[in-house]
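Right, one structure below, let's go through it.
No lab work stands behind these numbers, since they all come straight from the coordinates. This one's a predicted model, so the numbers in the text were calculated from it and none came from an experiment. Note that each Cβ is placed from the backbone with ideal geometry, even for glycine, and that neighbours are counted across all protein chains shown.
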Amino acid sequence: MYPDLYKTFQKGSLNLKSLLSMVFVSLYQACVILLMTVTLFNEPYMNIVTISFTSLILVEVINVLMETKSIKLVMVFACLTTLVFYIVSIFIFRTMF
C-alpha cells in the first residue's frame, strides 16, 4: 500500500536516532553541494544557483534509487520524468537560467 521508502516508518521504526541520521545526511549533502559549487565554479550568482539546484535534483534522484530495496519500473519512470521536466524547464525558462 505504501512506497518502499515509507514501509520502515509504518512498522514504527522511526526513532530519534534514525531521524537525526537522516537530518545529518541531508545537511552533509547540502554542505558538499554548496561548497563544491562555490569552490569549483567562478561564475556569477545566478549560474551558481542553477548549478546547485541541478546537483540537488540529481542527488535526490540518486538517493531515492539507492534507498529502496527493490527498484520498480514506476520508480524509474518517476525519476526519469523528474529529470526530463527539469531539462525542459531549463529550455522553457532560458532567460532565467
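Under the Karplus relation 6.51 cos²θ - 1.76 cosθ + 1.60, θ = phi - 60°, what is the ordered set of whole-Hz ³J(HN,Hα) values for the stretch 48-58, x standing for Gly and Pro?
In residue order, the calculated couplings are 5, 5, 5, 5, 5, 5, 4, 5, 5, 5, 5 Hz.
What residues have an amide H closer than 5 Å to that of ILE71, excluding those fewer than 5 places away on the same chain, when H is modeled at 1.01 Å from N in the peptide plane?
Those qualifying (amide H under 5 Å, at least 5 residues apart or on another chain) number zero.
Ordered by packing density, taken as the mean number of other Cβ atoms within 10 Å over each peptide's residues, highest first, how do 82-95, 56-69 rank?
In descending order of packing, they fall as 56-69, 82-95.
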